[in-house]
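So the structure is just underneath, and the comments pick up after that.
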Amino acid sequence: MAELKEIAKELLTSGTVAYIIGYASEKNDKTVPFIARTVEDAEKLVFTHHSVNNLSVYLKRIKKPESGKVGLVVKGCDLKAVVALIQESQSKREDIYIISPKCNTVVSDNTKPWNKDNIASKCLSCEVRTPSLFDATFGEIETVELPSDEQIELIKKVEAMSTSEKWEFWKNEFEKCVKCYACRQACPLCYCDQCIVDKASPRWIDSSATVQGNFAWNMIRAFHLSGRCIGCEECNRVCPVDIPLSLLNRKMSMFAVSEYDYKAGTSIEEPTLVGTYKLTDNEDFIK
Amino acid sequence: MENIYKPDLAEVKEIIDETADTRTLRLQFKDPEVHKAFSFKAGQFGEYSVFGEGECTFCIASPPTRMEYIECTFKLVGKVTNALRKLNVGDTIGLRGPYGNSFPLEQMKGKNIVFISGGIGLAPVRCITWNVLDLRNEFKDITIVYGARRVEDLVYKNELEQWKAMKDVKTYITVDPGGETPDWKGEVGFVPSIVEKVAPSGENSIAIICGPPIMIKFTMPVLQKLGFKEENIITTLENRMKCGLGKCGRCNVGNVYVCKDGPVFNYTQMKALPDEY
Amino acid sequence: MKDYIITAENIQLLVNDVLKQGWDVVSESKTGVNFNAIKDASELAIKSDSKPSKLSMKDFFFPKTEPLFFYRQSHDGVELVDASPIEKKTLFLGAKPCDAAAIPVLSKVFNWDYKDEFYNKRVENSVVVSLKCNYSDDYCFCTSIGLSQKAEQGSDAMLTEQQDGSYFLHIVTEKGDEFFKMYSQYLKDTQAENNKPVESKYPEPAVKFDQGKVKGWLDANFEHDFWNNLGDVCLGCGQCTFVCPTCHCFDIVDENCNYHEGGRMKNWDSCQLCLFTKHASGHNPRDGQTKRYRQRIQHKFKYYEDKFNEVLCTGCGRCTRGCGVGIDIGGIMERIDKF
């Protein structure tokens, strides 16, 4: 933590960055997003097992500074969103000062202490606890005992369902949707100036939270993120009615790997999956 | 069960194209009893709907002294106005209202009245203007200043001529510099400067002003210089509305619901509002 | 009005009996996400020491989406058809006092001048039996806004869990009295002095502020640097308003329709969404998240009080618990209190 504060102070003092998007402590162990603009603010920055949020979402939500870079505290997993934003020409590498810690997993429930049973599901298959792209890094990797990955079991379970069973499963989940759009707002890759659900004429997606409107919204969002979702699971985390959106997104990501050998947010040099066409592209699954 | 959200049905009786993008609909309620029972005051607004497209808020542009038709004038800006433009004579729309407060007609009686408006801001002003003119004897001097960007942007052109022809009304129609045509005989200049030139006295006078925020902003100091008291400068506010009933929570400016406490406000009230309109 | 004792078993029997009479019975779902109409008493989840469900029960009075009427249209004309009448009687069982208290708060906005009978009818058809709350966490603050873990506002009757596992049933309204008289076979006589509640594991909410003082500050500080940082990290989703038992902003849209037929819907909307106040012309009076967040605070703790002498909040803490970026409304109130 001392390392982070020193890095932040240096960056703010030298004017390398205009501000740093990081985490600050809240009640109990919880941490919340915090924008450090001064050296005093830098004192408040922390990085703990409770630093859950994917802060790269703010790259497209907060006004760019007139001078200096944007400092961003970002875990290896969330860093993939930064990479994807650069791949999709939404951010420039040179505008961001990436402070990426070595991460020893984060919690699933931000109000409870970190332990073996309170680890975010995205951490269970994480390959990037040591980041590969950064301007500064800190921390040490420790051995963490991980619980089993229940999410992948659930995906397998849904995969094995018949079409009508799948329909029932998702109908029960989507029925709860209240159309608050927290999933969209928390998503670093949902950056459209005008979301399709907000287009009024013509209206493509009902804004009403009916089964029809809810299916349309959640499925369209899953499609828009296919081959793009980097698996930070923020949508899943912020959903007020616990719809397991990660199942959809993770399944689509698995598809991108199995069909196109593509992992979103891996390299800033690589063209995006949906932005390229190869003659060898597998089209078998489009029926 | 009483349903405050359900409109009455009205028929489009006549369509008048004011400008390239602004249109007036003359409406009559389908049910003559409903039409007979409908009453409103100048300044109030209605919720007009095209079924399948939605509802839109406009002031009632015709005066309460002429109840044969209810008129609304709208500019093409979004989904519902686009649908309203596609209507033909004989088509049905939904109309509910009237909502909101109104111009203080009683308080205006016995006073000089100055009507100042710009662009489509004439719609609510036209309503109160005809209301006043139809009761001409109860008011003193009447001055009308109306401006638009270009000659072709002037709305209610026929009525502007009628007002100009009235001997007991001083009418000044203006267009912004550069907006005049070769045969334009009216004023050229921005509304605030025309008001300054015409210089109606603020003594025992009420000014009604509606138009683009920039026009209001620059006319205010002129009116104050002419001696208009703040409480005698009256305008209407437009905020996005949905229900018109003080429920949906959309139109509030501070603790004021524009749909219920407005849309008519005097300048003293306006100054007390936070800058969120 | 008389109070009673009811055993846990008899609650089950009563509920099944009520269901048999054709009523809906709504209680918190076992998943802790929302309130559900249950089909059998075995689905009941009455727990006085549980965290408030993620969604409040306002959905049952003010649905997230509701048809106002339907239209049928042809070139010969238009016909408007009423939505189906709201007739279903509903028993709400085990609601927290902070949930029940939202009903009279919402009644005020739905009834000043124009009356929203969609809301009124549902309230009229409901019997709300709340459960004295034995829970609190870092985000509850009912006691700071004039409520408490046993506040009776909005309840027709209130259950209090007893040391012996039974419940003390305190009748609050005539409606509650009439309801329970229909089911007297499940009730045992008692007197107020027999009320021996279980001890709560949780203390009163720790968040404390003086609403009067907060209101005074809000009256004077529409413009203040304090607001600037608040909106900084807010992502502008509508979660806080949608989970809130008292937030009531809505949209009116024609949806699920074509030219020939369709419906006009009243849908939950949120002052936190960027399009909420945007004019068709493009002008937006609240054009940044800071302004939108200020609106939420001001509406709850000032504007509503100015109009209705009541805050638009029951201190349930749902908005904070659910906020993805940890914006803490109780914490904000405490900070304002300390200015």
Run B:Gly52 past the list (1) under 30 Å from A:Ser207 (Cβ atoms); (2) in contact with a Phe, Trp or Tyr (Cβ under 7 Å, 6 or more places away or on another chain); (3) in contact (Cβ under 8 Å) with a residue 40 or more places away in the chain and report the number of the one that doesn't hold. (3)
Selected residue (criterion: surrounded by the fewest Cβ atoms within 10 Å (Cβ to Cβ)) from residues of the stretch A:21-32 that are out of contact with any helix residue (DSSP H, G or I) (no Cβ under 6 Å at 6 or more places or on another chain) and not in a loop (DSSP other than H, G, I, E, B): A:Ser25
List the helices (runs of 4 or more DSSP H) that sit entirely inside the stretch B:163-277 and contain at least 1 residues that are of a type in the set (Phe, Trp, Tyr). B:213-225, B:267-272
Within the stretch A:206-237, considering residues that are out of contact with any strand residue (DSSP E or B) (no Cβ under 8 Å at 6 or more places or on another chain), of a type in the set (A, V, I, L, M, F, W, C) and not in a helix (DSSP H, G or I), the one farthest from C:Cys249 (Cα to Cα): A:Ile230
Looking at the stretch A:174-205, which of its residues are under 16 Å from the mean Cα position of the chain (by Cα), hydrophobic (A, V, I, L, M, F, W, C), within 9 Å of chain C (Cβ to nearest Cβ) and in a loop (DSSP other than H, G, I, E, B)? A:Ala186
Among the residues of the stretch B:212-255, which ones are of a type in the set (Lys, Arg) and within 16 Å of B:Phe115 (Cα to Cα)? B:Lys217, B:Lys229
Under 24 Å from C:Lys181 (Cβ atoms), among the small types (Gly, Ala, Ser), buried (at least 22 other Cβ atoms within 10 Å of the Cβ) and touching a helix residue (DSSP H, G or I) at 6+ places or on another chain (Cβ under 9 Å) - does that describe any residue in the stretch C:131-150? no
Search result, residues across the stretch C:209-234 that are in a loop (DSSP other than H, G, I, E, B) and either surrounded by fewer than 23 Cβ atoms within 10 Å (Cβ to Cβ) or modelled with pLDDT of 95 or more (or both): C:Phe209, C:Asp210, C:Asn221, C:Phe222, C:Glu223, C:His224, C:Gly231, C:Asp232, C:Cys234
Does B:Phe40 satisfy the criteria of being of a type in the set (A, V, I, L, M, F, W, C) and assigned to a loop (DSSP other than H, G, I, E, B)? yes
Residue pairs qualifying under the 6 Å Cβ cut-off, at least six apart or on distinct chains, with the first in the stretch C:188-210 being among the polar types (S, T, N, Q) and the second being part of a loop (DSSP other than H, G, I, E, B), are C:Thr190/C:Asp3; C:Ser200/C:Asn134
Report whether or not A:Pro147 is away from every other protein chain (no Cβ under 14 Å), more than 30 Å from A:Asp95 (Cα to Cα), modelled with pLDDT under 95 and more than 21 Å from the chain's Cα centre (by Cα). yes
Flag if C:Cys319 is crowded, with 23+ Cβ neighbours inside 10 Å and in contact with a Ser or Thr (Cβ under 6 Å, 6 or more places away or on another chain): no
Can you tell me which of (1) under 25 Å from the mean Cα position of the chain (by Cα); (2) at the interface with another protein chain (Cβ under 7 Å from one of its Cβ atoms); (3) free of Cβ contacts under 8 Å to residues at least 60 places away in the same chain is the one C:Asn256 doesn't meet? (1)
First in the stretch C:8-26 and under 24 Å from C:Val123 (Cβ atoms), second anywhere and of a type in the set (A, V, I, L, M, F, W, C) and outside any strand (DSSP E or B), Cβ under 6 Å, 6 or more apart: C:Val15/C:Ala41; C:Val25/C:Val15; C:Val25/C:Val18; C:Val25/C:Leu19; C:Val26/C:Phe60
Inside the stretch A:19-30, can you point out the residues that are within 12 Å of chain C (Cβ to nearest Cβ) and modelled with pLDDT of 95 or more? A:Tyr19, A:Ile21, A:Gly22, A:Tyr23, A:Ala24
Of the residues in the stretch B:189-241, those that are away from chain C (no Cβ under 14 Å), among the charged types (D, E, K, R) and buried (at least 16 other Cβ atoms within 10 Å of the Cβ) come to B:Glu196, B:Lys229
For the stretch C:151-173, how many residues meet the condition of being surrounded by fewer than 18 Cβ atoms within 10 Å (Cβ to Cβ) and more than 22 Å from the chain's Cα centre (by Cα)? 3
Taking the stretch C:259-286, which residues are out of contact with any strand residue (DSSP E or B) (no Cβ under 9 Å at 6 or more places or on another chain), surrounded by fewer than 16 Cβ atoms within 10 Å (Cβ to Cβ) and within 7 Å of another protein chain (Cβ to nearest Cβ)? C:Leu275, C:His279
Return yes or no: is C:Glu193 out of contact with any helix residue (DSSP H, G or I) (no Cβ under 9 Å at 6 or more places or on another chain), more than 30 Å from C:Met333 (Cβ to Cβ), of a type outside the set (A, V, I, L, M) and modelled with pLDDT of 95 or more? no
In the stretch B:57-84, residue surrounded by the fewest Cβ atoms within 10 Å (Cβ to Cβ) [restricted to those that are assigned to a loop (DSSP other than H, G, I, E, B) and either of a type in the set (Asp, Glu) or within 14 Å of chain C (Cβ to nearest Cβ) (or both)]: B:Glu68
Within the stretch A:47-77, which residues are within 18 Å of A:Ala136 (Cβ to Cβ), away from chain C (no Cβ under 14 Å) and touching a strand residue (DSSP E or B) at 6+ places or on another chain (Cβ under 9 Å)? A:Phe47, A:Gly68, A:Lys69, A:Gly71, A:Val74
Residue in the stretch B:18-34 that is within 30 Å of C:Asn120 (Cβ to Cβ) and more than 14 Å from chain C (Cβ to nearest Cβ) present: yes
Checked against (1) within 12 Å of chain A (Cβ to nearest Cβ); (2) among the small types (Gly, Ala, Ser); (3) touching a helix residue (DSSP H, G or I) at 6+ places or on another chain (Cβ under 7 Å), C:Gly326 satisfies every condition except (3)
State whether one or more residues within the stretch A:35-54 are outside any loop (DSSP other than H, G, I, E, B) and within 17 Å of the chain's Cα centre (by Cα). no
Selected residue (criterion: farthest from the other protein chains (Cβ to nearest Cβ)) from residues of the stretch B:6-16 that are under 24 Å from the mean Cα position of the chain (by Cα) and of a type outside the set (Asp, Glu): B:Ile16
Tell me, yes or no, whether the stretch C:306-329 has at least one residue that is β-branched (Val, Ile, Thr), assigned to a loop (DSSP other than H, G, I, E, B) and within 17 Å of C:Leu55 (Cα to Cα). yes
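The values are calculated or read from the model by the stated rules, or taken from the named source; none is laboratory data. Fair warning: this is a prediction, and the values are worked out from it, not measured in the lab. Every residue, glycine among them, receives a Cβ derived from its backbone with ideal geometry; neighbour counts consider all protein chains shown.
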